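These notes concern the structure reproduced below.
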Amino acid sequence: MSKFYVIATPIGNLGDITFRAISILKSVDLILCEDTRETKKILDKYEISALTMSYHAHSKLAKVDKIFAFLKEGKDLALVSDAGTPGISDPGAMLVSKIKEHFNNQIKVIPIPGATALITALSASGLPTHEFTFLGFLPHKKGRETLFKEIRDAKRTMVFYESPHRILKTLESLIKFCPDKKVCIARELTKIYEEFKTGTPLEILEYFNKNPDKQRGEFVIIVA
Ligand code: SAM
């Protein structure tokens with residue numbers, strides 16, 4: 001029976017991959033990558049020479065049929081995204097669901113755990129982690145205000161992803177909706193300029209305005 005592995009890869013530091021992930025990536029017949037050029041960096045580093053094929057958010061249904069055909073032939077496949085865990089604000093969830101449905105659970109879908117930015121951020125944030133809600137990326141327009149109201153009213157820690165283009169706008173919204181909440185911004189996790197900044201939304205906005213170079217990179221926002 002074919003196996004379909006969902007494999008977490010690093011979120012910055014290429015050392016953050018498990019022995020098991022490397023050994024499975026070496027053994028599979030094909031690796032499905034969000035972006036084959038991005039995945040090549042990790043494959044080259046660990047001398048993994050498996051075949052790759054792209055599978056991303058805009059892949060057509062024909063690609064899914066092709067993946068089904070490989071699985072019917074008895075091939076073992078691995079799915080990776082550009083960074084972190086596939087399916088977490090990344091492609092993969094829909095494909096896994098289709099595989100389970102199409103093969104009536106006859107194909108084993110096996111997760112290979114590893115890095116994910118939200119858990120990495122929470123673990124060193126110093127904010128409460130016993131209960132939290134992950135919101136993914138906030139919508140740009142419709143529903144955005146509703147989510148800020150949810151964040152304002154939340155009784156548990158709220159975690160979401162943000163792009164550098166919207167980080168200031170998001171802090172301004174947090175100032176408007178929940179000025180007194182404690183916020184932690186985890187930036188460039190596992191990379192050279194990794195940084196955790198904690199304070200009220202206003203304190204953090206002032207910090208970013210004073211240090212425009214810190215507005216670059218990748219961010220996880222945690223609101224206690
Ligand atoms: N699948 C990934 C995971 O498991 O975390 C998330 C992919 S999502 C497309 C990319 C977003 O995750 C970034 O915009 C950022 O918000 C967050 N992220 C990914 N890597 C990060 C890092 N090294 N530091 C901070 N945030 C990161």
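The table below gives the values:
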{"read-out": "Boolean, residue 185 is on the phi < 0 side of the Ramachandran plot, exposed (fewer than 15 other Cβ atoms within 10 Å of the Cβ), within 14 Å of the ligand (Cβ to nearest atom) and hydrophobic (A, V, I, L, M, F, W, C)", "value": "no"}
{"read-out": "Flag for residue 157 being open to solvent by less than 70 Å² (accessible area, probe 1.4 Å), of a type in the set (Ser, Thr, Tyr), more than 11 Å from the ligand (Cβ to nearest atom) and within 21 Å of residue 11 (Cβ to Cβ)", "value": "yes"}
{"read-out": "Where residue 143 falls short, out of the listed (1) open to solvent by 70 Å² or more (accessible area, probe 1.4 Å); (2) free of Cβ contacts under 8 Å to residues at least 12 places away in the same chain", "value": "(1)"}
{"read-out": "Filtered residues of region 209-224 (kept if within 16 Å of the ligand (Cβ to nearest atom) and in contact with a Lys or Arg (Cβ under 6 Å, 6 or more places away or on another chain))", "value": "217, 219, 223"}
{"read-out": "Close pairs from region 75-104: first farther than 15 Å from residue 64 by Cβ, partner among the charged types (D, E, K, R) and within 15 Å of the ligand (Cβ to nearest atom), Cβ under 7 Å, at least 6 apart", "value": "81/34; 81/90; 82/34; 82/35; 82/38; 84/90; 90/34"}
{"read-out": "Residues of region 139-167 classified as under 20 Å from residue 187 (Cβ atoms) and either in a helix (DSSP H, G or I) or touching a Lys or Arg at 6+ places or on another chain (Cβ under 6 Å) (or both), total", "value": "3"}
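The values are calculated or read from the model by the stated rules, or taken from the named source; none is laboratory data. Everything numeric in this text was worked out from a predicted model, so none of it was measured. As a convention, Cβ positions derive from the backbone with ideal geometry for all residues, glycine included, and neighbour counts pool all protein chains shown. For the accessible areas, the whole protein counts, side chains as well, though only heavy atoms, and no ligand, DNA or RNA atoms are used. Shrake-Rupley method; radii C 1.70, N 1.55, O 1.52, S 1.80 Å.
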